[in-house]
Each structure stands twice: as structure tokens, then as C-alpha cells.
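Asker: Handing you a structure now.
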Amino acid sequence: MLETFKVLEITCPTCGEMKNINVPESIFSQKKYGTIKIQVPLNAVCSKHQFIVFVDTKGIVRGYEKIDIHIASLTQEFEKETERILNLRNLIQIFGIYGIFNLIHAKIFNYPIYILKDESFELDEDTLNSVGDIILPESFGGSKTLHLLDGSDLSHLKIKDKDTLIMDTQQHIFQTPWDTKLKFEEGILKRALDIIDEKEQLKLLQQDISRLINEAKFAIHVIESVKEIYEDDLITQISKEFKVKKINNYRLNLIKEFIRRNISKKLVLKIKSRVEEFLSNI
Ligand SMILES: [Zn+2]
């Protein structure tokens, strides 16, 4: 199959460096998903910065998002590696750092994942699902939510579910079913990549994710025993229980997303915001 390309003029959002990149035409041939996120790795446009570019289905650049995570050791040595060990470094090499943020988010919050794979992609579905299980606490693993699909042609894709993450193995992301900023995923990945031992890296991710899930479990326990609860009261209780300084709203929203996606939508409705209540009474 002869692939045709569209040329996009890309500007580094940090330093203004400009370069053209080629994007397969097939990416734009579908109209279903609106904005496509394309990862621009180091050296593709700029040697100092990597970022995401948002492109609409006509191929017009709609915006940029910076990725402030530096993985200096990533680009070297990879070619020499003949062993097919699946560690964090290899996964980032395959899916891009932003792709990994998305995959982690989908795993924790139980969004089905569809990955369109090209012919050269060598990993299988079971392997990828088992990596997903490693970063989750044991009681949440085992669900095969990640699906690999053949071919890079999106127009053949018949996924009606709006709640799915859809991406490919070429670092394009077609649909992310959440509005959440992936700061949590970025933070835990940064921490994990700071340590050298590659087995420990995945374990560290699991620890950080477990901490969030434990907070969610405690929140569930609190919510179940009341008729309703204000957000700030819940924040106070969680912070007290885990002896941490007051957790922020972003973290509470993650906890709510976890409960909504993994446990029950109804439970989350019991959490009230004083601001919303105030506004609805005007
Ligand atoms: Zn730059």
C-alpha cells in the first residue's frame, strides 16, 4: 500500500523553531474524531523540546501543548537493545511519553483502549495487557481493556463508544474520553524515571497509583455512610486519614473519576460542591 502524506508546518511552542513534518493522509481521511493529537518527539522539529500538536481533520494546526518531561537517556542505546524486554523505557519509545500518560490514565480509570497497529508492530495484546496489570494494584488487574486492531485505516474502525481511548502505534491519538489534565500521570512517570532500576520503575508507578486508589477506597467508605457530603469536608477527611497536607481539588477530581469509572456513578453524586449549591440558590 502506497501511503501519501500531508505536510504540516510545525512550530515549537517553546522556542519557535520551525520545520515541516509529514503526516500520513489516512489520519485525516476520517471525520469522526475531530481533533487529532500528534506527538512531536525530540529532534523531529526542535532538538530541545518535545510537544503535542493538535490538528483538525483538514490538517490545520489548532494548538500546541508542551511536554515538560526530560528523558535524556531515552534516545541512546535503544538500537543496540536486541532483547524484547518490556520496560518503561521501551514503552515510551514505542508510544511516546504522552501516549504513555494516556495509556496509564485509561488503565487506572477503566477506559477501554483501542490501538491501531501497523505491520511492523511486534507486541501482542496479552503482553500489553499484562504490563497494564503490573502498574495497578492486584485487585484491579486482569481486565483485558486494551485491544490491538490491524491496519492504520481509521475509516474502517467501528467503535461507537465515546468512552474509549483510541490511538495508533505511530504516536497519534485520535480520541481521549476525558477532560482531565494528565498531571498526575506526568508526575508519577517523572518520579519513576528518576530511578535507574527498570523493574523498580514499574513498581514505583504501582505504589503511586495504589496510593490514589486507597484514597478513593477511603472516600467510598466515607460517602457510603452519609446522605451527602461537601467536597471540602471530604478533602479534610481524606487528608486526615492519610496524614498528608490538604489534598487539592485536582486530586479530589481524580478520586471522583476513579469512583465514577470503577465503582459507581451514583456514589459520586453524593459529593456536593458549596459553590455549585450557592449558584443554584441564586
Ligand atoms: Zn524548541
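The values are calculated or read from the model by the stated rules, or taken from the named source; none is laboratory data. Here the structure is a predicted model, which is why all the values come from computation and not from measurement. Because the Cβ atoms are built from the backbone with ideal geometry, glycine has one as well, and the counts that use them run over all protein chains shown. For accessibility, only protein heavy atoms count, side chains too; no ligands or nucleic acids. Shrake-Rupley method; radii C 1.70, N 1.55, O 1.52, S 1.80 Å.
Asker: For segment 21-65, name all the residues that are assigned to a loop (DSSP other than H, G, I, E, B) and either within 16 Å of the ligand (Cβ to nearest atom) or of a type in the set (A, V, I, L, M, F, W, C) (or both).
Answerer: Phe28, Pro41, Leu42, Asn43, Ala44, Val45, Cys46, Ser47, Lys48, His49, Ile60 - these are the residues of segment 21-65 that are assigned to a loop (DSSP other than H, G, I, E, B) and either within 16 Å of the ligand (Cβ to nearest atom) or of a type in the set (A, V, I, L, M, F, W, C) (or both).
Asker: Cβ-Cβ below 8 Å, separation at least six or inter-chain, first residue in segment 166-178 and acidic (Asp, Glu), second open to solvent by less than 10 Å² (accessible area, probe 1.4 Å): which pairs?
Answerer: What qualifies is Asp168/Ile115; Asp168/Leu116; Asp168/Phe174.
Asker: Quick one: in segment 183-205, of everything that is among the acidic types (Asp, Glu) and in contact (Cβ under 8 Å) with a residue 24 or more places away in the chain, which residue is most open to solvent (accessible area, probe 1.4 Å)?
Answerer: Glu198
Asker: Tell me, yes or no, whether segment 206-215 has at least one residue that is under 22 Å from Ile97 (Cα atoms), buried (at least 16 other Cβ atoms within 10 Å of the Cβ) and charged (D, E, K, R).
Answerer: Yes, because at least one residue in segment 206-215 is under 22 Å from Ile97 (Cα atoms), buried (at least 16 other Cβ atoms within 10 Å of the Cβ) and charged (D, E, K, R).
Asker: For Ile71, are the conditions met, namely being surrounded by 15 or more Cβ atoms within 10 Å (Cβ to Cβ) and at pLDDT 90 or above?
Answerer: Answer is no for this residue.
Asker: Let me ask something else. Any residue in segment 104-119 that is polar (S, T, N, Q) sitting within a Cβ distance under 8 Å of a residue that is part of a loop (DSSP other than H, G, I, E, B)? List the pairs, counting only those 6 or more apart or interchain.
Answerer: Filtered contacts from segment 104-119: Asn110/Ser143; Asn110/Thr145.
Asker: Filter segment 9-20 down to the residues that are within 12 Å of the ligand (Cβ to nearest atom) and open to solvent by 20 Å² or more (accessible area, probe 1.4 Å) and list them by number. Let's see the steps before the verdict.
Answerer: Residues of segment 9-20 within 12 Å of the ligand (Cβ to nearest atom): 10-19.
If the condition is that a residue be within 12 Å of the ligand (Cβ to nearest atom) and open to solvent by 20 Å² or more (accessible area, probe 1.4 Å), then Thr11, Pro13, Thr14, Cys15, Gly16, Glu17, Met18, Lys19 are the ones that fit.
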